[in-house]
Ligand SMILES: C[S@@+](CC[C@H](N)C(=O)[O-])C[C@H]1O[C@@H](n2cnc3c(N)ncnc32)[C@H](O)[C@@H]1O
């Protein structure tokens, strides 16, 4: 197979993984003509969500993030929002989901998922550059990286840049395919995160929860000799 063909197939695989269901991501070879007809190969948004939920078990991700109403969470590489809707439900009322992505077009699809449940105002969409988290310092109770960290050109540098965005005791959760686990754990350790818990309940995937390791405080300098009180003049 020629390299250009391989590149095209890889691009199509990425598009289907991130822009929704593979059945929906079929390449249309001809423009539609005549009256619109139902497409038997097209899966409805609710069926797509149901299938995603069966396969990815978002409830386990929400649990790992420790989300409660009022919490602020970053959904990094949110894509079309199949997970974002679960985060929004978990933090409402009073909380906030900041959904980031390098691709503004995928974030545009969030609204149709959120509107039926009146959760549009819970989610802020944010287009970011590939190497920077784009998250404010000290604002987040949790940061989620779901099936995205393997796209970072330097995962440890990205995580180092993201760490200050977490509140004290905030959580970083990385969810991905098992074959991305070793590099993910290595990058997190290199960036100063400590693994707190890990779930492998979903076959072929891992959900790892981290916290920033306690900063190393330099030892306080003790004086070499006890201070001698100068004699008072007679
Ligand atoms: C496989 S999809 C995952 C979508 C969603 N998180 C999920 O688990 O269903 C990866 C998403 O990450 C986005 N992405 C890739 N590199 C990124 C980066 N450096 N920063 C933020 N988003 C990124 C892609 O545009 C895509 O929407």
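The figures follow:
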| read-out | value |
| --- | --- |
| Two-site label geometry, residue 59 and residue 102: point separation in nm, points 7 Å out along Cα→Cβ | 3.4 |
| For the stretch 45-212: Kirkwood Rh in Å [reciprocal of mean 1/r, alpha carbons] | 15.7 |
| Beta bridges by DSSP in the stretch 45-212, antiparallel share as percent, to the nearest 5 | 40 |
| Mean Cβ count within 10 Å, highest first, over the residues of peptides 123-134, 163-174, 183-194 | 163-174, 183-194, 123-134 |
| Alpha carbon convex hull of the stretch 37-114, volume per residue in cubic angstrom | 102 |
| Estimated FRET transfer efficiency (residue 167, residue 213; beta-carbon r; R0 25 Å; 0.05) | 0.95 |
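No lab work stands behind these numbers, since they all come straight from the coordinates. From a predicted model like this one, the values you see are computed outputs, not experimental measurements. Note: ideal-geometry Cβ built from the backbone for every residue, glycine included; neighbour counts use all protein chains shown.
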